[in-house]
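Structure first, then comments.
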Amino acid sequence: MVQQNGTGEQSSDPDYFQTNPKPPNLDRQITLARSFIEQHASENRRVALVASGGTTVPLENQTVRFIDNFSAGTRGATSAEYFLEAGYAVIFLHRQFSLLPYSRHYSHSTNCFLDFMTHNDAGAVVVESEYQQQMAQVLSRYRKAKEDNTLLLLPFTTVNEYLWLLRGLAMQMQPLGANGLFYLAAAVSDFFVPAERMVEHKIQSSEDFQEELTNGNGARAPAAHMDGKRLIINLDPVPKFLKLLVDGWAPRSMIVSFKLETDPSLLAKKARYALEKYSHHLVIGNLLNTRKWEVLFVSADGGERWIRVPAGRRSKSVTNWDHDSQPQEPAIEIESWIVPEVAKEHTKMIEKAASKQ
Ligand code: PAZ
């Protein structure tokens, strides 16, 4: 059972980074990002930070159990490719082992790379002739991104790692000014276990073996514990990082967030609410079941408009023989329409910023 702690209203928590541990590899990741950003700033290239995949909330320090947020990383990985095509350099902040730009075409259950391969007459493994052309295109784009050093892959797993990375990267991106873009498609947990209430070891399913959580001041209530046969999980709200990003970490960049809902009647309202609450530039709303063929753009000028893949182009065949259980793939990737729209808005913002100088 998941319980919410407190009143339900989440606050910006300036203490978050004092009380929740810095990930061990953060400095290394930030160093990589710094030289990447410096290179592209010196070439006056736009840099998009694309956040992708879901964050986890570990229930134990030595993590056996965790809560996860839904996202395969399709939105982020696909969008990253279109940003690269539009001339951006991309920092791809992604959930470890979720889909990646380029390799996404040949991974996971719908597109197993083995289904694209065959043996030739000499017995060598080669790409099936019907996939040659498409794979050659993906390969040359992938190679170009590598040669030009325009794609930096930075993984996270937990919500804590995500928040530390987002803040650290935003600080590094500040010198880019309006050339920086945040495209926040990751599915980030709203609730988490703060470090001070995290147990060290695997939660036991019997009260008899329950771990005591103590500090200098005596016992503290752990975030997860057994109550008879029931597991009680008591989570804190994650700080409102979007507010912190807009107001403090990246005040001159363009900021685009995504809003995922399952109830169609709430989508526009919630997207508008988020935009008004955080005062950023654009919210892209999507529904879980239709996210591959329709999204709602809600912008700061009051505009609301749907981008939709036409009904006739909503499905294509997939290579896997076991695809019946998978959602249909549209013939058009909706990100090929989303990203140019975002880039157009970004151009306007850059021009506006330049006219003020
Ligand atoms: O990666 P994916 O295609 O499986 O899912 C993408 C998404 C639905 C997580 C993304 O488009 C999104 O809405 N992200 C924000 C989620 C949120 O409201 O926190």
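The values are calculated or read from the model by the stated rules, or taken from the named source; none is laboratory data. The structure displayed is predicted, hence computed values, not measured ones. Positions of Cβ are generated from backbone atoms using ideal geometry, with glycine treated the same way; all protein chains shown enter the neighbour counts.
The C-beta contact set for the stretch 177-205 (first residue among the polar types (S, T, N, Q), second residue part of a helix (DSSP H, G or I) and surrounded by 24 or more Cβ atoms within 10 Å (Cβ to Cβ), distance under 6 angstrom, 6+ apart or interchain) comprises 189/159. The criterion of at least 3 residues that are within 14 Å of the ligand (Cβ to nearest atom) and under 13 Å from the mean Cα position of the chain (by Cα) is met by the following strands (runs of 3 or more DSSP E) wholly inside the stretch 50-112: 89-95.
Contact annotation: residue pairs with Cβ atoms under 8 Å, 6 or more positions apart or on different chains, pairing a residue in the stretch 262-275 that is of a type in the set (A, V, I, L, M, F, W, C) and buried (at least 16 other Cβ atoms within 10 Å of the Cβ) with a partner that is part of a helix (DSSP H, G or I) and at pLDDT 95 or above, are 274/242. Among the residues of the stretch 19-49, which ones are part of a loop (DSSP other than H, G, I, E, B) and crowded, with 21+ Cβ neighbours inside 10 Å? 20, 46 - these are the residues of the stretch 19-49 that are part of a loop (DSSP other than H, G, I, E, B) and crowded, with 21+ Cβ neighbours inside 10 Å.
Of the residues 16, 82, the single one that is surrounded by 19 or more Cβ atoms within 10 Å (Cβ to Cβ) and over 20 Å from residue 141 (Cβ atoms) is 16.
Inside the stretch 102-125, can you point out the residues that are without any contact (Cβ under 8 Å) to a residue 60 or more places away in the chain and surrounded by 12 or more Cβ atoms within 10 Å (Cβ to Cβ)? Once the filter is applied, which keeps residues that are without any contact (Cβ under 8 Å) to a residue 60 or more places away in the chain and surrounded by 12 or more Cβ atoms within 10 Å (Cβ to Cβ), the stretch 102-125 yields 102, 103, 104, 105, 106, 107, 108, 113, 117, 118.
Answer with yes or no whether residue 283 is within 11 Å of the ligand (Cβ to nearest atom) and either in contact (Cβ under 8 Å) with a residue 12 or more places away in the chain or over 19 Å from the mean Cα position of the chain (by Cα) (or both). Criteria met by residue 283.
Would you mind finding the one in 221, 170, 178 that is more than 16 Å from the ligand (Cβ to nearest atom) and in a loop (DSSP other than H, G, I, E, B)? 221 is the lone residue from the list that is more than 16 Å from the ligand (Cβ to nearest atom) and in a loop (DSSP other than H, G, I, E, B).
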